[in-house]
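*Asks:* Take this structure first; my questions come after.
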Amino acid sequence: MDTLKARTAEYDNVSSFLAASDPRSDDELRAELQQLRDTLERAESALASLRTELEEQTAADTALRDELQNAIRAARQSEQEVSAAADLVEARHAVVAQVPLDLSRLSRSATAIDQFSPFEFVVCPRCMQSLAARAVEDGHCLVCLQPDPVEGDIDPAAIEETRTALQQQLEDAQRIQQSDEAHLQTAQERSQQFSFVVTSLRRELDAQTRDAVSPRFDAIAEASSRVAALKASIDAITQLREPWARVRIIDADIRSLKVNRRQINKDIKEKSEQLKASQTLLGDLSAEFSRLLTSWNLPWVDTAVIDRDFYLPVVNGRPFESLQASGGGIATSVNLAYSLTLVAFGLDHSDVLVPSLLVIDSPRKAFGNNTSDRQRAAEIYSRFSTLADAYGERLQLIIADNDPPPITSDSFGRVDFDYENPMVPGVDHPGPDQVTRIESQSES
């Protein structure tokens with residue numbers, strides 16, 4: 001009951017807090033969450049469609065991009081070819097410029113030889129100092145002191161041959177230079193063509209991207225933002241619904257507690273009715289026990305009942321444990337009366353589950369042998385006979401006693417045991433080596 005009250009109070013408190021913090025109920029939040037999820041599904045579908053279109057458009061641009069890359073590579077190669085051709089033409093220009101210089105130097109040398117060879121210089125033509133006292137080796141120039149040229153070097157025919165060779169070299173260099181310049185021009189034209197192709201392809205790709213891809217990028221960005229916003233809204237509502245989940249759990253606990261309370265009340269009612277019935281049966285059992293025990297005319301019996309809490313005998317206000325501790329005829333009489341009462345009561349009441357077998361060991365052992373004791377023994381055996389006659393085969397009594405029954409009855413079957421006949425007739429003893437004493441089993 002306390003748990004139900006606590007859970008109900010908790011349910012009211014949490015519900016009030018949620019209602020004050022957010023006016024939307026759990027059902028409204030659930031409907032809004034479902035609507036957001038549906039919207040999110042459509043937004044994600046639209047985003048996937050845009051991405052698919054972009055991928056298809058990108059695939060269509062691949063050929064144009066590949067063509068542009070090939071044109072760029074060709075343009076770079078042509079630029080490298082132009083650079084190499086320009087370097088070669090520049091080298092040709094240097095060669096062509098050097099040959100006329102060689103021809104001019106050859107002409108000046110030949111003229112100098114023709115003009116100055118007849119003269120013997122006595123003064124330096126540069127500083128006008130006298131050369132007469134100068135010591136010069138034979139075969140060396142008086143002015144420059146270098147060895148005089150051999151005749152072949154100053155042979156006009158040799159000079160003319162050298163001039164012819166240089167002239168031919170100049171013509172060849174000019175012809176090669178013209179060829180290289182033509183090649184350079186061709187390379188420059190081809191480079192310009194490739195540059196034009198690259199520029200055209202770039203413009204085409206830019207136009208195609210601007211018209212087809214860029215709008216899709218913008219649409220994808222917008223769709224992605226919408227998807228992110230919807231997910232954020234869903235997360236927010238999900239967090240708002242978490243306390244409502246606690247409310248639902250508390251409500252479920254309350255319903256379960258109410259169901260359990262109804263079931264417990266029902267069980268209490270049933271158990272109460274059963275208790276009333278059992279109390280009635282217990283009263284009848286107690287009365288039967290008291291009647292049987294007092295009928296034996298025991299001098300120490302004033303009152304005899306069955307305890308309603310422990311279902312054990314209480315004699316003269318003494319509990320069963322105390323009666324057992326006293327031993328002797330008191331304990332034997334109480335146990336015997338209690339056992340006989342239970343057996344008869346179980347046979348008379350089918351809803352009382354008591355075995356219909358009763359084994360009694362030496363019922364007269366704890367009594368004396370005076371007249372009243374013998375009379376009490378006769379009453380006990382008379383009770384045995386009454387039970388046997390009343391219940392017949394429904395009841396089985398096995399009584400082990402040291403003396404013959406004090407009464408005769410056709411209801412008893414008697415078996416006598418002695419040292420010569422220690423076994424039940426018809427049951428063979430297996431031999432001392434085939435049996436184990438109970439004492440030995442207990443010790444092991």
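The values are calculated or read from the model by the stated rules, or taken from the named source; none is laboratory data. Values in this document were obtained by computation on a predicted structure and should not be read as measured data. Here the Cβ is made from the backbone with ideal geometry for all residues, glycine too, and neighbour counts use every protein chain on show.
*Asks:* Scanning region 364-379 for residues that are assigned to a loop (DSSP other than H, G, I, E, B) and either of a type in the set (Asp, Glu) or touching a helix residue (DSSP H, G or I) at 6+ places or on another chain (Cβ under 6 Å) (or both), which turns out modelled with the highest pLDDT?
*Replies:* For region 364-379, the residue satisfying everything is Arg364.
*Asks:* Next question, about the same structure. Quick one: is Asp389 touching a residue at least 12 places away in the same chain (Cβ under 8 Å) and either touching a Cys at 6+ places or on another chain (Cβ under 7 Å) or exposed (fewer than 14 other Cβ atoms within 10 Å of the Cβ) (or both)?
*Replies:* Spelling it out, Asp389 is indeed touching a residue at least 12 places away in the same chain (Cβ under 8 Å) and either touching a Cys at 6+ places or on another chain (Cβ under 7 Å) or exposed (fewer than 14 other Cβ atoms within 10 Å of the Cβ) (or both).
*Asks:* Kindly establish whether Leu292 is of a type outside the set (Lys, Arg) and in contact (Cβ under 8 Å) with a residue 60 or more places away in the chain. Before the answer, list the steps.
*Replies:* Details: of a type outside the set (Lys, Arg): yes; in contact (Cβ under 8 Å) with a residue 60 or more places away in the chain: yes.
In short, yes.
*Asks:* For region 299-362, list the strands (runs of 3 or more DSSP E) that sit wholly inside it and hold at least 3 residues that are of a type outside the set (D, E, K, R) and surrounded by 13 or more Cβ atoms within 10 Å (Cβ to Cβ); which are they?
*Replies:* Here the list reads 304-306, 313-315.
*Asks:* Six or more apart or on different chains, Cβ under 8 Å: which pairs go from a residue in region 230-253 that's modelled with pLDDT of 65 or more to one that's among the small types (Gly, Ala, Ser)? Could you list them?
*Replies:* Listed by first residue and then by second, the contacts come to Leu230/Ala43; Val247/Ser15.
*Asks:* Tell me yes or no: at least one residue of region 306-325 is touching a residue at least 60 places away in the same chain (Cβ under 8 Å), within 27 Å of Lys365 (Cβ to Cβ) and of a type in the set (Ser, Thr, Tyr).
*Replies:* Looking through region 306-325, none of the residues is touching a residue at least 60 places away in the same chain (Cβ under 8 Å), within 27 Å of Lys365 (Cβ to Cβ) and of a type in the set (Ser, Thr, Tyr).
*Asks:* Next question, about the same structure. Listed residues Gln434, Gln441; which is at pLDDT below 85 and under 60 Å from the mean Cα position of the chain (by Cα)?
*Replies:* Step by step, each of Gln434, Gln441 is checked, and only Gln441 is at pLDDT below 85 and under 60 Å from the mean Cα position of the chain (by Cα).
*Asks:* Let me ask something else. Out of everything in region 49-86 that is surrounded by fewer than 16 Cβ atoms within 10 Å (Cβ to Cβ) and β-branched (Val, Ile, Thr), what residue ends up being modelled with the lowest pLDDT?
*Replies:* It comes out as Thr58.
*Asks:* Report, by residue number, each residue of region 254-281 that is of a type in the set (D, E, K, R) and modelled with pLDDT under 75.
*Replies:* The answer is Glu270, Lys271, Glu273, Lys276.
*Asks:* Does region 400-417 include one or more residues that are closer than 22 Å to Glu288 by Cβ and crowded, with 16+ Cβ neighbours inside 10 Å?
*Replies:* For region 400-417, residues closer than 22 Å to Glu288 by Cβ and crowded, with 16+ Cβ neighbours inside 10 Å: absent.
*Asks:* Return the pair list, or none, for Cβ contacts closer than 6 Å from residues in region 408-433 that are without any contact (Cβ under 8 Å) to a residue 60 or more places away in the chain and closer than 21 Å to Ala378 by Cβ to residues that are of a type in the set (A, V, I, L, M) and surrounded by 10 or more Cβ atoms within 10 Å (Cβ to Cβ), at least 6 apart or on different chains.
*Replies:* That search, which allows pairs on different chains as well, returns Ser411/Ala388.
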